[in-house]
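Here the structure is laid out as structure tokens; the discussion comes afterwards.
The values are calculated or read from the model by the stated rules, or taken from the named source; none is laboratory data. None of these values were measured; they are calculated from a predicted model. No Cβ is skipped: glycine too gets one built from the backbone with ideal geometry, and neighbour counts run over all protein chains shown. Ligands, DNA and RNA are excluded from the accessible area calculation, which covers all protein heavy atoms including side chains. Shrake-Rupley method; radii C 1.70, N 1.55, O 1.52, S 1.80 Å.
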Amino acid sequence: MPRCLGLFMLFFVNTFSFLLAAKGALAYDLKKVKAFGLELLWEKELEDVSFYARAGHPADACLRFSKNGKMLALGTFTGRLMLFSAESGRLIWEKRVPEGMVKRVAFSEDGRVLYYGAQSPDAEVCALETKTGKRLWCFNTAKSLERGTPAAPGDIYGVYQLPGIYRLKVLRNGDLLVLGLHSWYDEEKSTWRRLSRLWRLSPAGQVRWAYPKDGPAPVTMIYADADHKGQVVATVTLMPSEYEGDRQKPGPPPQSFVALSGRSGKEIFIYQLTPLKPYFKRVSAWESVAVSPDGHFGALGASDGRLFIFDLKAKRLLHTLNLATPIVIGGFPVAASLSYGTFGANGIFYVVSGESTLPYGLPMAGDKPAGPHPKARMLFAVEPASAKVLWQFPSPFKLQGVAVDPQGKTLAVAAAAFRREDVRVRQFGVLVFDLTRPGGGLTRFAGYFPTLGPCFFHLAVSPDSRLIAVVENPWQDEMGKMFGSYRLLVLKR
């Protein structure tokens, strides 16, 4: 092990020991935490979500800074929409979204409007005046995706069967890219249904185009992205609806990478994804679809460890990289998923790999990897034209979520433990990388701030790259003791 990495891991162990020796219950004094490269600027305690933590479920959160960096928006799992002064932490105003969560938040280019997308019975996208919180307009996606039924009290996962906004991106001309998804078990039809649709909305909430044009697609479109100008839109289709009536609806085929014209919403090309046999029966993905800032390249990280790079101008697959695909260890195939990825302003694609896992669905006697995948828990920086891995950073614990400032100077990654019973690694926090430095991942590693609970994967970096915002979650150990809390942390470089 390199000496610098060994010292790095020793710091983690010592810091975590300090945290466990602190107050220990749902809270501890972050101002006493020893960290490097980052310090706590302010914090805000949120709702009590220990009910969900006891079931092993993290509470969602979404964060965004305004373009001038003066405001910070937060949407919470329990339906709170909050607007803060980014520097002082002063609460400007707060709203409530009934019967669901605030799934996504985004600011207009001039900062005068705050948009949010909900996962709720109506799955609305709404625009609010940032100065007053006054509602300007709302767009109801459930009219297309079908309205959801509010979750029953105590149903931890019921909210995820409501229609929701899984992508909300503001383009440079002020338009919004919106992805709506409704995946639920239809009690009346006794089957799982999946409906998805993409919209491009004007700043006034008017539909420029919708994809598919005539109604929702009977597939799961889990994530989408576009270049800054909105010239090209990319998405990935996964599982089809199981209801025969949905299958008659027009739309892209499942298991496909889809590129659209950002101006018209028409298909540019579709690439059919092939399962990585014999280990995987289908292709899965998460928030790893991305389009380069200039619209030239598209990228897709898959749960089987493959990275697909597309030339969107040439309309073809350019490269397939086996970054964390299965290898056989102790007679068992072990893989690591590529679940989170984004392009930086410099056109480099940053993607993180998850923990070591056995491919799902295989008829094997064991259910745990015989050993770690060498590329698990890794941050990769990939140049898309050549498919060259420019640098990588190995982490001693699980990485999830990745955020880059608009100038491409700072990259932040959230840390969450991989908590198998035989490997008790419970280190959490935020890692920061200085992308302006030369050299490899360890050289670029610029800071770490530890937390007692896992950090949710929707974190944010301010436009000037000085501030990092993240939401911590509580967790319960095997003895029933709670650690950490549901709270917003704003860190300063």
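Only helices enter this figure: runs of n ≥ 4 DSSP H residues, each worth -39500 (n - 2.57), summed and divided by the residues of the chain, yield -1500 deg cm²/dmol at 222 nm to the nearest 500. Among the listed pairs Lys189/Lys398; Lys143/Lys398; Lys70/Lys134; Lys229/Lys409; Lys103/Lys388; Lys134/Lys169, which have their C-alpha atoms separated by more than 31 angstrom in this model? In this structure, Lys189/Lys398; Lys143/Lys398; Lys103/Lys388 lie more than 31 Å apart at Cα. Model label sites at Met479 and Ser85, defined 7 Å from Cα along the beta-carbon direction, differ in position by 4.3 nm.
Taking max minus min of the alpha-carbon positions on each principal axis, the chain gives extents of 58, 57, 47 Å, largest first.
Rolling a 1.4 Å probe across all protein chains gives Ser108 an accessible area of roughly 10 Å². Of the GluC sites (Glu not before Pro) found in the stretch 53-129, those in coil by DSSP whose Cβ has at most 16 other Cβ atoms within 10 Å are Glu99, Glu109.
If the segment from Arg147 to Asn346 were pulled out straight at 0.36 nm per residue, it would be longer than the present Cα-Cα gap by 67.5 nm.
For the stretch 185-221, applying the loop criterion from DSSP together with a ceiling of 14 other beta carbons within 10 Å to the trypsin sites (Lys or Arg not before Pro) yields Lys189, Lys213. Taking the accessible area of the chain, probe 1.4 Å, and keeping the other protein chains in place, the carbon and sulfur fraction comes to 51%. Ligands, DNA and RNA excluded, the heavy atoms of Leu431 present near 0 Å² of accessible surface to a 1.4 Å solvent probe.
Once you reduce the stretch 376-414 and the stretch 45-117 to the center of their Cα atoms, the two points are 25 Å from each other. Taking a straight line from the alpha carbon of Lys44, these aspartates and glutamates sit under 14 Å away, with near neighbours fewer than eight places off in the same chain left out: Asp29, Glu87, Glu94, Glu472. Note on surface exposure: Ile270, Ile329 rank Ile270, Ile329 by accessible area, highest first, 1.4 Å probe. The residues of the chain expose on average 40 square angstrom of accessible surface per residue, using a 1.4 Å probe on protein heavy atoms. His57 exposes around 20 Å² of accessible area when a 1.4 Å probe is run over every protein chain in place. Here the stretch 128-228 is treated as a sphere whose radius is the Kirkwood value from Cα pairs; by Stokes-Einstein at 20 °C and 1.002 mPa s it diffuses with a coefficient of 144 µm²/s. Toward the positive end of the charge dipole of the stretch 189-268, with +1 on the Cβ of Lys and Arg and -1 on the Cβ of Asp and Glu, the farthest Cα among Gln248, Leu201, Thr237 is that of Leu201.
One quarter of the convex hull surface built on the alpha carbon atoms of the stretch 213-354 amounts to 9.1 nm², the projected area averaged over directions. Across q = 0.25, 0.26 Å⁻¹, the stretch 28-112 modelled as identical point scatterers on its alpha-carbon atoms has Debye log10 I(q)/I(0) values of -1.25, -1.28, in the order of the q list. Couplings 3J(HN,Hα) of the stretch 103-116, computed from phi: 7, 9, 9, 7, 9, 5, 4, 8, x, 7, 10, 10, 9, 9 Hz, in residue order, whole Hz [Karplus 6.51 cos²θ - 1.76 cosθ + 1.60, θ = phi - 60°; x for Gly and Pro].
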